[in-house]
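Structure first, commentary second.
Bear in mind these aren't lab numbers, they're just calculated from the coordinates by the rules spelled out. All figures in this text were calculated on a predicted structure; none of them were measured in a lab. Neighbour counts run over all protein chains shown; Cβ positions are idealised from the backbone, glycine included.
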Amino acid sequence: MPRGRNKKIKKGEENPEDYKKISPKNQILRGMKDIIPADWRYWSKVFEVFENMAREYGFFRIETPVLESTVLFKRTSGLTSDVVEKEMFSFTDNGGDNVSLRPEMTPGVVRAYIEHGMVSKTQPVKMYYISPVFRYNRPQAGRYRQFYQLGCESIGDFSPVLDAQLMIFVYNFYKELGIETSIQVNSIGCQECRPEYRQVLLDYLRGKRKKLCDDCKRRLSKNSLRVLDCKETGCKEVAEDAPQIVDHLCDDCRDHFVKVLENLDELEIPYVLNPKIVRGLDYYTKTTFEIFPVTENDSEQSSVQELGGGGRYDNLSENLGGRSTPAVGFACGVERLVKQLKDKGNVVPPVQMPKIFLAQLGDQAKKRTLRLFEDFRKAKIPVAENFAKGSLKAQLEMANKIGAKFTLILGQKELLEGTILFRDMESGVQETVVLDNIVSEVKKRLK
Ligand code: HAM
């Protein structure tokens, strides 16, 4: 009897039997996703457009560790957010520390800003990322447990023009990829004005308690604002007539919000004011926004998932023990964006295959072709090969499949003569060329 078969395995404990299960049938973990080569072109297109644009807007790349101290997220993303409350992959490491896979990038980026003394650089410090993040949520369409976020953080300045420029950036980014978006904007005030609004909202919501879902009933005492963006029908109805925070903003927050909108107007960026954009993370102050794809009819619009979101978080640095440092940022989900690209049939051309195919016949020729491949690579001429195939027929079929213009064929006879066959794939005409001259010959003919 193999060890462990009768032993009761406790939850979370390693089961020796699991090792026996490893077979091709083993499936990927729930909520995880492979990005296979056939899909990668969409991803690389998205990354390329985003990186180019981020540089144009003056951002520099940052990467932070996947694993951080759990307390980092508790102190920032917040204890009342679903992300921290229910969705973190947290565990105690071998040293006894409580650590978590990052559920988002913003806290780690601000931690790095403080830790590397970036406060002494010219402000704001503008950083972008394209990174995987992890949330243990219920997997469904557009909701994964590991997903990529691309985003920007502009840390160190209060100016409303920064909030507006980030929205302009994100709008232009989607536009460049052929996706029309609508930006929905709100302001959720600050520590001065939000408590008063929270009370007004709470008084209103208590009167409607019966209509709220169980989650929202629970949220009432913790973070009543979250009721406003609940997707349950009853909660949505209640939210419709709820008092709006914009009517309760202090002078500073109102002034900031008006200026953000004036800056958006300046560039004629289409936006919608939406008092229900309160965001699901605790650190936001003042501006909040979300980006939605524009759908063909209005009925779809209400159920569509957001592509990205962001806002200001002027207290986050201080909550981490840094100086008081205003900041604003956004992040977009890459899986949702790639799906949009595919659904819309936005054509991302496949990766260009080499125009030259190297074919070989026999062991000696194969060895020489291996060296030839390196010669072409150094000369920056892309060539394809299939060293696993031995027959000329199979190699020519492959050359045809990838659309090669020429195939170079090296057999035993050519090797002895110091030549190579140069085959034009369209006409089928073959010429004999001196092997040592082949790289320069190909260069000439490709011109
Ligand atoms: P967030 O709204 O939690 O914001 O996430 C940003 C985006 O990540 C969402 O709009 C969505 O596209 C994508 N996303 C979220 N959860 C999932 C999931 N389970 N599967 C696939 N995609 C998902 C933040 O994370 C903030 N850090 C944004 C920010 C940056 N605010 C200021 N700076």
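Below is a table of values for the structure above.
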{"item": "The range 175-268: trypsin sites (Lys or Arg not before Pro) in DSSP loop, at most 11 other beta carbons within 10 Å", "result": "Lys231"}
{"item": "Cα-Cα over 18 Å, subset of Lys211/Lys236; Lys380/Lys444; Lys175/Lys344; Lys236/Lys339; Lys355/Lys447", "result": "Lys236/Lys339"}
{"item": "Length-normalised contact order of the chain in % [C-alpha pairs under 8 Å, at least 6 apart]", "result": "14"}
{"item": "18 Å Cα-Cα reach of Lys413 towards lysines, excluding residues that sit fewer than 8 places from it in its own chain", "result": "Lys366, Lys367, Lys393"}
{"item": "Net length gained if the chain between Gln140 and Asn386 were fully extended (0.36 nm per residue, minus Cα distance)", "result": "84.6 nm"}
{"item": "The range 30-111: trypsin sites (Lys or Arg not before Pro) in DSSP coil with no more than 16 other Cβ atoms inside 10 Å", "result": "Arg30, Lys33"}
{"item": "Computed FRET value (nearest 0.05) for Glu417 with Gln352, which takes r as the C-beta separation and R₀ as 35 Å", "result": "0.55"}
{"item": "Label zone at Gln305, where the point sits 7 Å out along the Cα-to-Cβ direction: the range 27-41 residues whose backbone N lies under 16 Å", "result": "30-35"}
{"item": "Net charge over other residues, Cβ less than 13 angstrom from the Cβ of Asn52 (K, R count +1; D, E count -1)", "result": "-1"}
{"item": "Restricting the range 280-338 to trypsin sites (Lys or Arg not before Pro) in coil, as DSSP defines it, with at most 16 other Cβ within 10 Å", "result": "Arg323"}
{"item": "Rough spin-label spacing in nm, given labels placed 7 Å along Cα→Cβ, for Asp241 and Lys401", "result": "6.6"}
{"item": "Among Asn297, Asn52, Asn315, residue whose mean-square fluctuation peaks in a GNM of the chain (springs only between Cα atoms under 10 Å)", "result": "Asn297"}
{"item": "Fluctuation leader among Gly310, Gly31, Gly117 - the chain, Gaussian network, Cα springs under 10 angstrom", "result": "Gly117"}
{"item": "Max mean-square fluctuation residue, GNM over the chain, Cα-Cα springs under 10 Å, options Glu397, Glu290, Glu153", "result": "Glu397"}
{"item": "Where Rh is the Kirkwood radius over Cα pairs, Rg/Rh for the range 339-447", "result": "1.06"}
{"item": "Debye, to nearest 20: dipole size of the chain, +1 on Lys, Arg Cβ, -1 on Asp, Glu Cβ", "result": "2220"}
{"item": "Inter-site label distance for Ala38 and Tyr204 at 7 Å from Cα along Cβ, in nm", "result": "5.0"}
